[in-house]
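Notes to accompany the following structure.
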């Protein structure tokens, strides 16, 4: 789709990768609603701050009623509790699923009719390389992202006939507040935002933003032995 002249809503746009996405879209000529639970924390020039908690159905409905001109939805808002699946408090595990799966689904259900009614457009779900590969110490996040990937695939087929393209962005660690405790190499979120918007403009269904994502995707064909060589 053409970015210049489009109207986008980016969730979690007050900081980190969401802020970079909103900035990139604005720079390319899009009108941008920058959504955050506290819109006063949105400090990006040229955007329209909007209050949104994707885990609150009433908040999602209010946002969809306000932003009736959207033809590009970027589901970026997320959580990262660091919860493992065996020992962490179950509420932390639930938060990951409520945010990444049910929150994303709520946004799509609310905005797909809006986008279709505006002549069609695109939904981008910000996924992760951990959609395909699980780490024991972040099992809840990986499980939620894997569920979001499955959601993306199902909605892609279901919404195509309505003129709504559903794309997924897969990427490794980015240098944001969410990964402050991570010591592994991190990517520049501004560069990943450019790659993501390039992918939207190219009508890509699947956007692999870095070498790690490409390597892990290729490893899927090798099954458990290829993805988890540490297992006996």
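Any read-out appearing in this document is the output of simple, stated calculations on the displayed coordinates, not a laboratory observation. What you see is a predicted model; the values in this text were computed from it and never measured. Cβ placement follows ideal geometry from the backbone for every residue including glycine, while neighbour counts extend to all protein chains displayed.
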At the level of C-alpha centres, the distance separating segment 191-232 and segment 95-137, in angstrom, is 17 Å
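What ranking do 55, 81, 99, 11 get, fewest neighbouring Cβ atoms within 10 angstrom at the top?
By the 10 Å Cβ count, ascending: 55, 81, 99, 11.
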Taking the chain as a Gaussian network, where each spring joins two C-alpha atoms under 10 Å apart, which residue of 22, 160, 116 fluctuates the most? 160
Using Cα-Cα distances under 8 Å and only pairs 6 or more residues apart, what relative contact order does segment 14-99 have, in percent? 21 percent
Taking Cα atoms, the helix 189-201 axis meets the longest principal axis of the chain at an angle in degrees (rounded to 10) of 60 degrees
Going by alpha carbons, how many degrees (0 to 90, nearest 10) lie between the helix axis of 57-66 and the longest principal axis of the chain? 40 degrees
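Distances over 21 Å make up what percent of all Cα-Cα pairs in segment 1-104?
36 percent
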Sequence-separation-based contact order of segment 1-53, relative, with Cα cut under 8 Å and 6+ spacing, percent: 35 percent
By counting other Cβ atoms within 10 Å of each Cβ, how are 149, 132 ranked from fewest to most? 132, 149
Let me have the relative contact order for segment 7-227, percent, based on Cα pairs under 8 Å that are six or more residues apart. 18 percent
What helix-only [θ] at 222 nm does the chain give? Using -39500 (n - 2.57) per DSSP H run of at least 4, over all residues, to the nearest 500, the answer is -12500 deg cm²/dmol
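If packing is taken as the average count of other Cβ atoms within 10 Å, what order do 38-49, 192-203, 120-131 fall into, highest mean first?
Descending mean neighbour count gives 120-131, 192-203, 38-49.
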What's the angle, to the nearest 10 degrees (0 to 90), between helix 139-160's Cα axis and the longest principal axis of the chain? 50 degrees
Sort 65, 191 by Cβ crowding within 10 Å, fewest neighbours at the top. 65, 191
If you build a Gaussian network model of the chain, linking Cα atoms that sit under 10 Å apart, which residue out of 151, 72, 90 swings the most? 90
